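Q: Below are the structure tokens for one structure; questions will follow.
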Amino acid sequence: MKILVGIKRVVDFNVRVRVKPDGSGVDTDGAKMSINPFDEIALEEALRLREAGIASEVIVISIGDSSCQQQLRTGLAMGADRAIQVDTDIHLQPLAAARTMLAVIETEQPGLVILGKQAIDDDNNQTGQMLAALWNRPQATFASKVVVAGDTATVTREVDAGLETIEVDLPAVITTDLRLNTPRFVKLPDIMKAKRKPLEVIAFTELAVSNDNNIQIDHYAPPAVREKGIMVDSAAALVTELKSRGLL
Amino acid sequence: MAKLNPLDLYDIRSQLSEDELMVQDSIAAWVDERAVPLIAECFDKARFPTELIPEIAELGLLGSTLEGYGCAGLNYTSYGLICQELERCDSGLRSFVSVQSSLCMYPIYAFGSEEQKQRWLPEMAAGRAIGCFGLTEPQGGSDPANMKTHAKRDGDDWLLNGAKMWITNGSVADIAIVWAQTEDGIQGFLVEKDMAGFVTQDIHSKMSLRASTTSELYFDNVRLPDSSRLPGVKGLKGPLSCLTQARFGISWGPIGCAIDCLDSVLKYTEDRILFDRPLAANQAIQIRLADMARRITTAQLLALQLGRLKDAGKMQHTQVNLAKWNNVRMALDIARDARDMLGGFGITTEYTPIRHMLNLESVITYEGTETIHQLAVGRELTGISAF
Ligand SMILES: Cc1cc2nc3c(=O)[nH]c(=O)nc-3n(C[C@H](O)[C@H](O)[C@H](O)COP(=O)(O)OP(=O)(O)OC[C@H]3O[C@@H](n4cnc5c(N)ncnc54)[C@H](O)[C@@H]3O)c2cc1C
């Protein structure tokens with residue numbers, strides 16, 4: 001079974017991002033870029049399935065300009081077998097990203113697609129769900145545990161009420177939550193080996209996918225600065241304070 | 001324009017290759033997650049975090065520039081970045097990797113017989129065999145030509161006598177690379193842990209490099225077969241070539257200490273309110289912060305060019321002398337100043353500058369003292385040896 005794993009290049013989670021002064025976007029100039037942490041978890045899960053003999057090949061895919069090859073190479077160094085870059089300068093929104101992945105799925109025919117539940121740049125949390133719908137296959141989102149046996153995957157999901165376990169027929173789309181696993185560190189010899197692994201570049205235009213970026217962003221603004229807290233010296237004072245603010 | 005990264009003001013990372021970036025990022029992630037949480041306690045208890053050795057080996061950090069024998073075959077710029085990331089945590093951690101890689105695996109790789117390489121390099125790369133490098137003697141490290149330790153022929157064997165001092169990993173090592181006088185000049189010998197007549201003793205009460213083992217080695221008629229002699233080199237250039245390798249890494253490592261110190265004081269002076277304003281709002285503080293950034297930047301550029309020269313096979317040892325001198329001095333001064341800006345908090349291990357400061361007192365002494373490096377540069381400029 002082949003597993004396809006999505007990898008998005010995002011500003012590293014340690015970087016304090018700044019909104020551009022004109023509000024036209026977030027300043028990523030010179031910022032350290034990394035694999036979206038949820039995607040790293042997705043890749044780790046795929047690698048474990050391959051190491052357990054359940055998967056035969058792990059393919060990482062990224063949509064973006066040539067700079068995302070750096071994250072694909074990191075994915076190869078972590079252990080993926082090969083990589084696909086869908087080359088485009090356009091920042092695709094979730095629906096277009098899902099359509100693009102579907103086009104690749106049609107050629108690759110993976111038995112399982114694992115994506116992060118969301119990317120930490122836009123926090124959309126949509127691509128996995130949209131992909132499953134377009135592909136007409138089951139979805140298991142927010143996975144915190146995955147067990148694959150034969151043609152089904154048993155997935156424990158983190159939902160608002162706690163944990164929910166579902167069984168899905170394969171092929172399916174799984175999206176990862178934070179507690180699914182702890183991704184491995186890249187080993188130095190594997191960085192050298194990754195250079196020899198195949199990285200295929202497909203032009204976005206070749207896939208004949210409509211780029212219907214249908215959400216228009218007018219303005220970016222930083223979150224309001226949090227007001228400084230106050231100290232109260234008794235429970236009664238706390239209640240009074242909360243009441244005076246209409247919170248109780 | 002984007003805000004400049006205060007720890008990389010000239011965007012030196014943009015000069016690194018994709019592989020080099022990947023090396024730096026992956027080691028940085030490991031250091032932050034696995035080593036940083038342990039190190040203050042290790043320093044406090046004066047112990048090396050031996051529990052990390054299997055991971056260090058698995059990551060490929062031991063002998064990372066060597067080709068074959070289970071090693072990664074990275075370029076030297078990558079090795080420099082590794083040293084920088086390790087030393088951002090602690091000089092003791094970087095010392096462990098430097099000694100194993102540059103001072104022990106390198107001479108076996110460069111001067112050893114094929115049999116010695118096969119026997120030791122894969123084991124050392126895997127962290128199953130630890131090495132130490134015995135050059136310095138109690139009588140004086142700056143003048144190694146004058147060493148007293150000697151090996152005499154006895155039939156087909158050699159008899160080794162003498163003592164070595166200040167030897168990193170001495171008592172934990174499975175194999176010691178020992179340099180000794182012979183009839184044919186200075187030669188290197190591989191002395192194994194359990195050989196009769198070889199004993200070690202740790203040096204305690206260190207105020208510096210506490211998360212690293214430092215020992216004395218004693219050799220009393222240690223009988224060595226000729227197969228334990230490194231056949232590929234004779235004379236002082238043997239050990240000195242190892243030192244050039246290690247000093248290359250030490251030219252990078254302290255940049256990590258300095259970056260860590262600047263990072264600490266930037267946060268501290270921003271948050272600390274004195275006289276109704278953040279500490280960082282004072283000219284006297286800003287000048288010191290700016291000076292740190294200036295000195296870090298020059299050290300980064302020096303190290304990067306040193307790496308490019310070494311990777312091109314063009315580096316000369318004087319260039320390492322100057323880089324080691326400049327970059328260690330830079331880091332030591334920054335660590336001392338950072339310690340001061342943290343006030344009372346600065347004297348505890350909760351903040352890192354005092355640990356870096358104390359460690360760097362060793363780093364400025366070992367692998368050639370600052371004075372020795374200055375004299376080496378002076379000799380290059382004048383053609384006169386003033387040692
Ligand atoms: C923590 C630690 C770990 C070490 N690990 C190792 C190791 O693994 N292997 C190893 O072989 N060694 C190791 N060393 C030894 C180190 O390399 C020596 O300490 C160093 O070379 C200096 O030698 P010394 O201590 O004998 O000082 P000395 O040579 O006695 O120097 C004393 C002072 O005199 C100055 N000086 C010397 N000559 C001159 C001159 N001609 N003109 C002006 N000033 C001069 C020096 O700069 C210094 O300030 C280690 C040292 C330390 C502290």
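The values are calculated or read from the model by the stated rules, or taken from the named source; none is laboratory data. All of these numbers come straight from a predicted model, not from anything done at the bench. Don't worry about glycine lacking a Cβ; one is built from the backbone with ideal geometry, like all the others, and counts go over all protein chains shown. Areas reflect the complete protein model, heavy atoms only, side chains present, ligands, DNA and RNA absent. Shrake-Rupley method; radii C 1.70, N 1.55, O 1.52, S 1.80 Å.
Q: Evaluate the following for B:Ile287: is it more than 16 Å from the ligand (Cβ to nearest atom), open to solvent by 20 Å² or more (accessible area, probe 1.4 Å) and over 26 Å from B:Thr136 (Cβ atoms)?
A: It is true that B:Ile287 is more than 16 Å from the ligand (Cβ to nearest atom), open to solvent by 20 Å² or more (accessible area, probe 1.4 Å) and over 26 Å from B:Thr136 (Cβ atoms).
Q: Go through (1) buried (at least 21 other Cβ atoms within 10 Å of the Cβ); (2) out of contact with any helix residue (DSSP H, G or I) (no Cβ under 9 Å at 6 or more places or on another chain); (3) within 30 Å of B:Asp90 (Cβ to Cβ) for B:Tyr218 and report which single condition fails.
A: B:Tyr218 satisfies all of (1) buried (at least 21 other Cβ atoms within 10 Å of the Cβ); (2) out of contact with any helix residue (DSSP H, G or I) (no Cβ under 9 Å at 6 or more places or on another chain); (3) within 30 Å of B:Asp90 (Cβ to Cβ) except (1).
Q: While we're on this one: Cβ-Cβ below 7 Å, separation at least six or inter-chain, first residue in region B:360-387 and within 14 Å of another protein chain (Cβ to nearest Cβ) and open to solvent by less than 70 Å² (accessible area, probe 1.4 Å), second within 6 Å of the ligand (Cβ to nearest atom) and of a type outside the set (Ser, Thr, Tyr): which pairs?
A: none
Q: Here are some residues: A:Gly75, A:Gly64. Which one is within 14 Å of another protein chain (Cβ to nearest Cβ) and among the small types (Gly, Ala, Ser)? Full working, then the answer.
A: Working: A:Gly64 fails: within 14 Å of another protein chain (Cβ to nearest Cβ).
After ruling out the rest, the residue left standing is A:Gly75.
Q: Among the residues of region B:116-147, how many are charged (D, E, K, R) and either within 14 Å of chain A (Cβ to nearest Cβ) or near the ligand (Cβ under 10 Å from one of its atoms) (or both)?
A: Step one: filter region B:116-147 for residues charged (D, E, K, R), giving B:117, B:119, B:123, B:128, B:137, B:143.
Filter again for either within 14 Å of chain A (Cβ to nearest Cβ) or near the ligand (Cβ under 10 Å from one of its atoms) (or both), leaving B:137, B:143.
Selection size over region B:116-147: 2.
Q: Specify the residue that is least open to solvent (accessible area, probe 1.4 Å); the eligible residues are those in region B:83-128 that are closer than 27 Å to B:Ala29 by Cβ and outside any helix (DSSP H, G or I).
A: If we take residues in region B:83-128 being closer than 27 Å to B:Ala29 by Cβ and outside any helix (DSSP H, G or I), then B:Asp90 is least open to solvent (accessible area, probe 1.4 Å).
Q: Looking at B:Tyr79, B:Tyr109, B:Tyr69, can you tell me which residue is more than 11 Å from the chain's Cα centre (by Cα), away from chain A (no Cβ under 13 Å) and either touching a residue at least 40 places away in the same chain (Cβ under 8 Å) or away from the ligand (no atom under 16 Å from the Cβ) (or both)? Quick ask: steps written out before the conclusion?
A: On the way: B:Tyr79 fails: away from chain A (no Cβ under 13 Å); B:Tyr69 fails: away from chain A (no Cβ under 13 Å).
Answer to the check: B:Tyr109.
Q: May I pose another question? Mind counting the residues in region B:297-340 that are of a type in the set (Val, Ile, Thr), crowded, with 24+ Cβ neighbours inside 10 Å and either more than 27 Å from B:Ser208 (Cα to Cα) or over 18 Å from the mean Cα position of the chain (by Cα) (or both)? Explain how you work it out, then say what you get.
A: At the first step, the residues of region B:297-340 found to be of a type in the set (Val, Ile, Thr) are B:297-298, B:318, B:320, B:328, B:334.
Retained after the next criterion (residues that are crowded, with 24+ Cβ neighbours inside 10 Å): B:320, B:328, B:334.
If we keep only those that are either more than 27 Å from B:Ser208 (Cα to Cα) or over 18 Å from the mean Cα position of the chain (by Cα) (or both) as well, we get B:334.
Residues that pass the stated criteria total 1.
Q: Follow-up question, since we're still on this one. Quick one: which of B:Glu33, B:Glu18, B:Glu51 is over 17 Å from the mean Cα position of the chain (by Cα), at pLDDT 95 or above, surrounded by fewer than 20 Cβ atoms within 10 Å (Cβ to Cβ) and within 14 Å of chain A (Cβ to nearest Cβ)? Working first, answer last.
A: Working: B:Glu18 fails: at pLDDT 95 or above; B:Glu51 fails: within 14 Å of chain A (Cβ to nearest Cβ).
After applying the criteria, what remains is B:Glu33.
Q: If you don't mind, there's one more thing I want to ask. Out of region A:1-38, which residues are assigned to a loop (DSSP other than H, G, I, E, B), within 13 Å of chain B (Cβ to nearest Cβ) and in contact (Cβ under 8 Å) with a residue 60 or more places away in the chain? Step through it out loud before you land on a result.
A: Restricting attention to region A:1-38, the residues satisfying the condition of being assigned to a loop (DSSP other than H, G, I, E, B) are A:1, A:7-8, A:12-17, A:20-25, A:28-32, A:36.
With within 13 Å of chain B (Cβ to nearest Cβ) added as a condition, the list becomes A:12-17, A:20-22, A:25, A:28-32.
Passing the criteria: A:Phe13, A:Lys20, A:Gly25.
Q: Would you point out the residue of region B:341-359, among those that are under 23 Å from the mean Cα position of the chain (by Cα) and more than 16 Å from the ligand (Cβ to nearest atom), that is least open to solvent (accessible area, probe 1.4 Å)? Show your work before the answer.
A: Step one: list which residues in region B:341-359 are under 23 Å from the mean Cα position of the chain (by Cα), which gives B:349, B:351-359.
Checking the rest, the ones that are also more than 16 Å from the ligand (Cβ to nearest atom) come to B:349, B:351-354.
Values: B:Thr349: 55, B:Tyr351: 61, B:Thr352: 30, B:Pro353: 0, B:Ile354: 30 Å².
Result: B:Pro353.
Yes/no matrix, rows are residues, columns are (1) touching a residue at least 12 places away in the same chain (Cβ under 8 Å); (2) within 14 Å of chain B (Cβ to nearest Cβ); (3) over 20 Å from the mean Cα position of the chain (by Cα):
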site: A:Ala221; (1), (2), (3): yes, no, yes
site: A:Ala224; (1), (2), (3): no, no, yes
site: A:Lys228; (1), (2), (3): no, yes, yes
site: A:Ala237; (1), (2), (3): no, no, yes
site: A:Lys243; (1), (2), (3): no, no, yes
site: A:Gly246; (1), (2), (3): no, no, yes
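Q: Since B:Lys152 meets every condition but one in (1) in a strand (DSSP E or B); (2) within 12 Å of the ligand (Cβ to nearest atom); (3) loosely packed, with under 15 Cβ neighbours inside 10 Å, which condition does it not meet?
A: (2)
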